[in-house]
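The values are calculated or read from the model by the stated rules, or taken from the named source; none is laboratory data. Values in this document were obtained by computation on a predicted structure and should not be read as measured data. With ideal geometry, Cβ positions are generated from the backbone for all residues, glycine too; neighbour counts draw on all protein chains shown. Ligands, DNA and RNA are excluded from the accessible area calculation, which covers all protein heavy atoms including side chains. Shrake-Rupley method; radii C 1.70, N 1.55, O 1.52, S 1.80 Å.
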Amino acid sequence: MRPVASLAVALPLMPASGMGGKEFARGEVHSNAAESFHATLERAKQGIYHYMSHQHLPLYTAEAAFHWNQRALETRVLQKGKNQGQAKTFMIRLPILEQFRNLLKLAPLCQVRRTENSGIRIFSTTLPLFGL
């Protein structure tokens, strides 16, 4: 995940109401990534969780960040349409075994235990779940 300092660079690019800002990108920094990550959280809320409590919000966000980071860039040349022949970059999911390997890299930092009522309890030694 990107350090918080790099996200602070992108914040002035978001147009504020009343300020008349029209800038959405400056070089490699743009507001699309933040909007896309927010959309990922909203889809998880609507499709999986249905409710996100303030108490567990860091865990929901950490899981979304883990899934976000399990993607790779792939450049393809478009074969059809008005943009035929142009190169376009897509984000594709990493193969499942590579995702699992990345998850196991974080395993030494967490302990997972069963509770008395067959639930799961996660004990973190240094970092929260999924490496945030």
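Quick check on my filter: what residues within the stretch 26-56 are among the aliphatic types (A, V, I, L, M) and over 14 Å from the mean Cα position of the chain (by Cα)?
So in the stretch 26-56, the residues among the aliphatic types (A, V, I, L, M) come out as 29, 33-34, 39, 41, 44, 48, 52.
The answer is VAL29, ILE48, MET52.
Which pairs turn up if I take residues in the stretch 58-73 that are assigned to a helix (DSSP H, G or I) and look for partners that are open to solvent by 70 Å² or more (accessible area, probe 1.4 Å) with beta carbon separation below 6 Å, at least 6 apart in sequence or on another chain?
Going by the 6 Å Cβ cut-off, the qualifying pairs are ALA65/MET1.
Is it the case that some residue within the stretch 84-100 is within 22 Å of THR40 (Cα to Cα), open to solvent by less than 60 Å² (accessible area, probe 1.4 Å), within 17 Å of the chain's Cα centre (by Cα) and in contact (Cβ under 8 Å) with a residue 24 or more places away in the chain?
Checked the stretch 84-100: at least one residue is within 22 Å of THR40 (Cα to Cα), open to solvent by less than 60 Å² (accessible area, probe 1.4 Å), within 17 Å of the chain's Cα centre (by Cα) and in contact (Cβ under 8 Å) with a residue 24 or more places away in the chain.
When you scan the stretch 13-34, how many residues do you find that are touching a strand residue (DSSP E or B) at 6+ places or on another chain (Cβ under 9 Å) and modelled with pLDDT of 70 or more?
Just the residues of the stretch 13-34 that are touching a strand residue (DSSP E or B) at 6+ places or on another chain (Cβ under 9 Å), to begin with: 13, 24, 31-32.
Now drop any that are not modelled with pLDDT of 70 or more, which leaves 24, 31-32.
The qualifying residues number 3.
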